[in-house]
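Bear in mind these aren't lab numbers, they're just calculated from the coordinates by the rules spelled out. Values in this document were obtained by computation on a predicted structure and should not be read as measured data. Don't worry about glycine lacking a Cβ; one is built from the backbone with ideal geometry, like all the others, and counts go over all protein chains shown.
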Amino acid sequence: MALVVQLAEGKISGGVKTDLNGEKFHSFLCIPYGKAPVGELRFKAPLSVEPWEGIKEVITEDKIAFQKNSLLNTYFGQEDCLSLHVFTRKLPSEETKLKPVMVFIHGGGFLAGFHETKTYGPEYLMTEDIVLVTITYRLGLLGFLSLKDESLDVPGNAGLKDQVLALKWIQRNIKNFNGDTNNITVFGESAGAASVEYLLLSPTAKGLFHKAIIQSGSTLNPWALRNFPLFEFAKFHGKSNMTEEELLKRLRDIPVEEVYDLQHNFVKSKKLFSDLGLISPVIEKPNPTAFLTEKPIHIIQSGKYNDVPVIIGYNDSEGLFADIIATLKMVDAKVIADTPLEQMLPYDTNFTDTQQVERLVNKLRNFYCPETDPIGRINLITDAFFAAGIKISAKSQAKVSKNPVYFYRFTLSGGLNLMKKMINGRCPDPKWLDIILAKRTEERNQQKQLKEH
C-alpha cells in the first residue's frame with residue numbers, strides 16, 4: 001500500500017527510491033504548491049494551491065515549467081508547473097528527530113531548466129540524513145514579464161515570487177516529511193544561485209530559510225538583472241502601436257507555445273552575446289506583491305537583508321557555458337565570436353568616455369588575448385559573466401554580515417562528465433560543480449571522488 005502523507009492542503013501518496021548506497025528513501029514528485037498560473041493569472045504573482053479532496057498520487061514528473069528545447073526545436077513542460085519534489089529517509093514518529101532541509105533551485109538563465117530527477121537526481125544527497133526539496137518556477141516571459149502600467153498588476157519577478165511561495169509551502173508542510181522548519185538551507189546554481197541571492201535580499205523571504213549556498217551565480221552578474229525591452233519586443237513583432245494593456249491581452253489570449261515563439265525569435269534576433277539575459281529579474285516599483293525594489297548592490301552594502309550564513313563561489317571554467325549554449329543551438333556560435341570586447345564590460349563600469357572604454361578594452365585584449373587564445377576567451381567570459389559579480393557580492397557581504405561568508409573557487413578536474421561530452425573535448429579540464437544532484441554513471445563516479453576528498 002502506498003505511503004500517505006497529510007499536508008495542510010490535502011493528502012498525498014508517494015513512492016520509494018534507492019540511494020547510491022542501496023538504501024531506500026521516500027519520494028514525492030511534483031507536489032503542487034501554487035495555483036495553475038493560467039488565463040488571467042498568466043504573468044501575475046502566484047497564488048497558493050487550493051485544498052483538494054481525497055488522496056493525490058505524486059509519483060510522476062508531469063509539472064516541468066514550459067520551455068523550448070532549442071536543439072530539437074520542440075516544446076516541453078506545461079504552464080501549470082508550480083510544483084516541488086520532496087525526498088526523505090523517514091517520516092515523523094516519536095523515535096525520529098527532525099532533519100535539516102535542503103532546498104535546490106535549478107539554473108538555466110531564467111529561460112530554461114527543470115528539477116527533473118533524470119538530471120538532478122537525489123540519490124547522492126539522500127545518502128545523508130537530510131530532507132531534500134527541489135522546486136520549479138516559471139521561466140522566460142511567463143516568469144519575468146514586467147509592465148510599467150501598475151493597473152495591469154504585472155510588475156515583474158513572478159518567477160522569483162514562485163520561489164517565495166514554495167518556501168512558504170515548505171514552512172507549512174515540511175514537518176510532515178520529518179523536516180526541521182528552523183533549519184532550512186537554500187542552494188542553487190547559475191540562475192538558481194542568483195535566485196538564492198535574490199531571496200537573501202528580498203524582505204518577502206525573511207525567516208523562510210536559515211542558510212544559503214550560492215553556486216556560480218549572483219544578482220550582480222550582468223545576466224541576472226535587466227529591464228525587458230518591451231517596446232523593442234513589440235516593434236520586432238510588428239506591434240509597436242499597441243499599448244501595454246493591448247500587448248498583455250494579446251499575450252494572454254494566444255497559446256503558450258506562441259508566447260514562447262515570440263520570445264524565442266526575439267532573443268535569437270539579438271546579435272551580441274552580451275544581450276543574453278534579456279528576460280531576467282527587474283527592480284520593481286513599490287507594489288503589494290513587490291519582491292525587489294532597490295538595486296541588489298545597494299541592499300547588500302546596506303546590510304539590510306536576510307543575514308544568514310553563506311557559501312558563495314564559482315567554477316574554474318564557467319566561460320564554457322558559451323560553448324555549451326552554442327552546441328545546444330540556444331545561440332549562434334558566430335554571435336559569441338563576433339561580440340566586441342567593449343560589450344563584455346560589466347554594466348556597472350558606467351564609462352561614458354570612449355577613450356576610457358578603449359583603454360580598458362586594450363587591457364582586456366592584452367591580458368586575455370581572446371581573439372587568438374580560446375582559453376583566454378573562456379577565462380574572459382568566466383570573469384565578465386560570473387567571477388567579477390560573485391567576488392564583489394562575497395566581499396560586500398563579508399563586510400556587513402554578522403554571519404560567516406565562505407568563498408570558494410572549484411578547480412577539481414574529474415573524469416569524463418556530461419559537460420566534457422557536450423563540448424567534445426574542445427577545452428581541457430572543464431570544471432563544473434553541477435554534479436551534486438546528478439545521476440549518470442560518470443557523475444556518480446565524480447560524486448564519489450568529491451566525497452573521498
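Brief remarks follow.
- The residues of segment 238-257 that are exposed (fewer than 14 other Cβ atoms within 10 Å of the Cβ), closer than 20 Å to Lys270 by Cβ and either in contact with a Phe, Trp or Tyr (Cβ under 8 Å, 6 or more places away or on another chain) or of a type in the set (A, V, I, L, M, F, W, C) (or both) amount to a single one, Ser240.
- Which numbered condition Ile64 fails, given (1) touching a residue at least 60 places away in the same chain (Cβ under 8 Å); (2) out of contact with any strand residue (DSSP E or B) (no Cβ under 7 Å at 6 or more places or on another chain); (3) of a type in the set (A, V, I, L, M, F, W, C): (2)
- Among (1) under 19 Å from Leu200 (Cα atoms); (2) in contact (Cβ under 8 Å) with a residue 60 or more places away in the chain - the single one Val133 does not satisfy: (2)
- For segment 23-45, taking the residues that are under 29 Å from Leu125 (Cβ atoms) and of a type in the set (A, V, I, L, M, F, W, C), the one that is farthest from the chain's Cα centre (by Cα) is identified as Phe25.
- Lone unmet requirement of (1) of a type in the set (A, V, I, L, M, F, W, C); (2) touching a Gly at 6+ places or on another chain (Cβ under 9 Å); (3) crowded, with 20+ Cβ neighbours inside 10 Å for Met126: (2)
- Take the conditions (1) touching a Gly at 6+ places or on another chain (Cβ under 9 Å); (2) closer than 28 Å to Phe321 by Cα; (3) part of a helix (DSSP H, G or I); Leu141 misses just one of them, which is (1).
- Residues that are in a strand (DSSP E or B), surrounded by fewer than 24 Cβ atoms within 10 Å (Cβ to Cβ) and of a type in the set (Phe, Trp, Tyr) do occur in segment 170-187, at least one of them.
- Of all residues in segment 2-22, exactly one satisfies the criterion of being at positive phi and touching a strand residue (DSSP E or B) at 6+ places or on another chain (Cβ under 9 Å), namely Gly10.
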